[in-house]
Amino acid sequence: MKMNNGLDFREKLTQRTRTFALRVFKLCTSLPNTPEAFHIRDQLFRCASSVAANYRASGRAKSDKDYLNKLKICEEESDEAEFWMDMLAACELVKRHKIEALMKEANELTSIITASCITKRRNMENSGGR
């Protein structure tokens, strides 16, 4: 994801997290109406939408610490989304090959957000934090 500046990066990642949530929602609506699918659907809906909502909210953070906190939530939720998709495959509710690209996207979002957290924490330490 090559970007010209921070704002361009933010806009593209905001769109990417939103698209991720929408793709997960489409997956969830295709799941069968079984107790295990209902549970996973609920968890997956929540964490995928949380990634998008919290990344968007990080743009309006009140401080560096607030920003970092919102990013950490995104990091945890994108990792959790990958976990629940893995559970879908493990429970044989969805064929793994059908969700591999979506699982890869969850992993990539986690990696990008983790790197952003590390950079922000380093910058905060260098500036004395806020």
Residue set THR29, THR19, THR14, THR34; condition in contact with an Asp or Glu (Cβ under 9 Å, 6 or more places away or on another chain) and of a type in the set (Ser, Thr, Tyr); output residue THR19
Output for Cβ contacts, cut-off 8 Å, separation at least six or different chains, first residue under 22 Å from TRP84 (Cα atoms) in segment 51-71, second charged (D, E, K, R), reads VAL51/GLU77; ALA52/ARG18; ASN54/LYS70; ASN54/GLU77; TYR55/LYS70; LEU71/LYS120
- request: Report yes if some residue within segment 29-41 is at pLDDT 95 or above, under 13 Å from the mean Cα position of the chain (by Cα) and crowded, with 16+ Cβ neighbours inside 10 Å; otherwise report no.
  value: no
query = Does ASP64 satisfy being touching a helix residue (DSSP H, G or I) at 6+ places or on another chain (Cβ under 8 Å), surrounded by 15 or more Cβ atoms within 10 Å (Cβ to Cβ), more than 18 Å from LEU22 (Cα to Cα) and not β-branched (Val, Ile, Thr)?
reply = yes
Check segment 82-98 and report whether any residue there is under 11 Å from the mean Cα position of the chain (by Cα) and either at pLDDT 95 or above or surrounded by fewer than 16 Cβ atoms within 10 Å (Cβ to Cβ) (or both).
yes
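The values are calculated or read from the model by the stated rules, or taken from the named source; none is laboratory data. It should be emphasised that the depicted structure is a prediction, and the values quoted were computed from it without experimental measurement. As a convention, Cβ positions derive from the backbone with ideal geometry for all residues, glycine included, and neighbour counts pool all protein chains shown.
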